[in-house]
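Down below is the structure, laid out as structure tokens.
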Amino acid sequence: MKKGGYAEYAVTTAHSISRIPDAVTFEEAAALPTAGYTANEALFRKLPMNHIKTILIHGGAGGVGGFGVQLAKNAGKTVFSTASAHNHEYVKSLGADYVIDYREESVVEKVLELTNGRGVDAVLDTVSAKNATDSLDMIAIEGI
């Protein structure tokens, strides 16, 4: 018999499953690992979060960015994020300390202004290669 995904039941390890809260639909629960797991992996497996105090998370209103803002704030970090103006309150409600309108102002200049020229300890960027390259100008010494 071949393994497949169309079975009514499946066998897995206990640590790979979670109970779905009553307020969460099956569809929402199925989508959660995509963005949530990506943000968690980026922050807690790729970055030394115990050495980071400040982090810039691009695209705070998006899937990975939104989870990233929440996870970083929950870890006690000062969170900077980018979003268009109409999403600022939403991103702040997720936990961002500062939200920068990337369409209206220079993110590099604003981050350097808010950090007194120091920059941030880390940047999480899921926007684009150009955006990631531009982000190098706002990373603090020994930042990531």
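The values are calculated or read from the model by the stated rules, or taken from the named source; none is laboratory data. Here the structure is a predicted model, which is why all the values come from computation and not from measurement. Neighbour counts are summed over all protein chains in view; Cβ atoms, including those assigned to glycine, are modelled from backbone coordinates with ideal geometry. Just so you know, the surface numbers come from the protein's heavy atoms only, side chains and all, with ligands and any DNA or RNA stripped out. Shrake-Rupley method; radii C 1.70, N 1.55, O 1.52, S 1.80 Å.
The length gained by stretching the chain between Ile20 and Ile144 to full extension, at 0.36 nm per residue less their Cα-Cα distance, is 41.2 nm. Shown for the chain: the carbon plus sulfur share of the solvent-accessible area, taken with all protein chains present and a 1.4 angstrom probe, equals 54%. Between Lys110, Lys46, Lys77, find the one with the highest GNM mean-square fluctuation for the chain; connect C-alpha pairs within less than 10 Å. With Cα springs under 10 Å in the chain, the top fluctuation among Lys110, Lys46, Lys77 is at Lys46.
Looking at region 1-94, which GluC sites (Glu not before Pro) are in a loop (DSSP not H, G, I, E or B) and have at most 14 other Cβ atoms within 10 Å? Kindly include the intermediate steps, with their values, before the conclusion.
Details: sites: Glu8, Glu27, Glu28, Glu41, Glu89; in loops: Glu8.
The qualifying sites are Glu8.
Run through the DSSP bridge list for the chain and note the antiparallel percent, rounded to the nearest 5.
Working: 0 of 11 bridges.
Counting only bridges with both partners in the chain, antiparallel ones make up about 0 percent.
Across the chain, counting alpha-carbon atoms alone, Rg and Dmax equal 17.7, 63 Å. Using bins of 5 Å that start at zero, the share of Cα-Cα pairs per bin across region 1-85 amounts to 3, 12, 18, 19, 16, 12, 9, 5, 4, 1, 0, in whole %. With each label modelled as a point 7 angstrom along the Cα→C-beta vector, the Glu41-Asp97 pair spans 2.9 nm.
Over the chain, dividing the summed -39,500 (n - 2.57) contributions of all DSSP H runs of at least 4 residues by the number of residues returns a 222 nm mean residue ellipticity of -9000 deg cm²/dmol. Given H placed 1.01 Å from N in the peptide plane, which residues other than close sequence neighbours of Val99 have an amide H under 5 Å from its amide H? Close amide H contacts, sequence-distant or interchain: Ser81. Please list, in chain and number order, the residues 5+ apart from Ile139 or on another chain whose amide H is under 5 Å from its amide H, with Hs placed from the backbone. Close amide H contacts, sequence-distant or interchain: Val120. When the surface is traced with a 1.4 Å probe over the full set of protein chains, Ile139 keeps roughly 40 Å² accessible. Solvent exposure of the chain amounts to 67 Å² per residue of accessible area, where only protein heavy atoms count and the probe is 1.4 Å. Placing a label point 7 Å from the Cα of Ala85 along the Cα-to-Cβ direction, the residues of region 93-113 with a backbone N closer than 19 Å are 93, 98-111. For Val123, the residues whose modelled amide H falls within less than 5 Å of its own, excluding neighbours fewer than 5 places apart on the same chain, are Leu56, Ile144. The charge dipole of the chain, taken about its Cα centre with unit charges on the Cβ atoms of Lys, Arg (+1), Asp and Glu (-1) only, comes to about 540 debye.
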